[in-house]
Amino acid sequence: MILKPLNSDNFILFAMKQYRNSQCESVDEFYEDLNRIKYIKRLFKKYDVRGELKERLILNHMIILNNVFGSSGCSRILFFKIEEVYHSYLKTFLEYLKYLPIDIPEADLDKIPTDNTIITTLEGL
């Protein structure tokens, strides 16, 4: 099956179709979960600018996103919403959690390197 890449027109519909939080009682909770992507982006930027990695917080956000969007949906959403400059950080965390799918239309995963500093930090957990 050929998957269409996410874009600004189909993103929310895709996210809603992937969303599977049985305890969700309102649309606000859906958007709260989507806001976790912003938090991850901020944490990646902080690591990029200051070298300050909050790996446990990033892992927690990614685990929650995976729980509510599923592994493939979570990966596609993250690679679409997070800037390309941070894709190596993202790939490293997703590989560590074993959430990285073989292929997604939003990114060429084979060409994205992993971050050795993050790998070392995660191996120390």
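The values are calculated or read from the model by the stated rules, or taken from the named source; none is laboratory data. All values derive from a computational prediction rather than experimental measurement. Reconstructed Cβ throughout: ideal geometry from the backbone, glycine too, with neighbour counts over all protein chains shown.
Tabulated data
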{"quantity": "Residue count, region 1-51 (criterion: farther than 19 Å from N67 by Cβ and β-branched (V, I, T))", "calculated": "3"}
{"quantity": "Filter result (charged (D, E, K, R) and free of Cβ contacts under 8 Å to residues at least 60 places away in the same chain) within region 86-125", "calculated": "K91, E95, K98, D103, D108, D110, K111, D115, E123"}
{"quantity": "Residues that are free of Cβ contacts under 8 Å to residues at least 60 places away in the same chain and in a loop (DSSP other than H, G, I, E, B), drawn from region 35-85", "calculated": "G51, E52, K54, G70, I82, E83"}
{"quantity": "Which numbered condition L34 misses (of (1) at pLDDT 95 or above; (2) over 12 Å from the mean Cα position of the chain (by Cα))", "calculated": "(2)"}
{"quantity": "Hits in region 70-88 - residues which are more than 10 Å from the chain's Cα centre (by Cα) and not small (G, A, S)", "calculated": "E83, E84, V85, Y86"}
{"quantity": "Restricting region 1-31 to residues that are hydrophobic (A, V, I, L, M, F, W, C) and within 17 Å of the chain's Cα centre (by Cα), the residue that is surrounded by the fewest Cβ atoms within 10 Å (Cβ to Cβ)", "calculated": "M16"}
{"quantity": "Any chance L90 is surrounded by fewer than 18 Cβ atoms within 10 Å (Cβ to Cβ), in contact with a Phe, Trp or Tyr (Cβ under 8 Å, 6 or more places away or on another chain) and at pLDDT 95 or above", "calculated": "no"}
{"quantity": "L122 being modelled with pLDDT of 95 or more, in a helix (DSSP H, G or I) and closer than 26 Å to N21 by Cβ", "calculated": "no"}
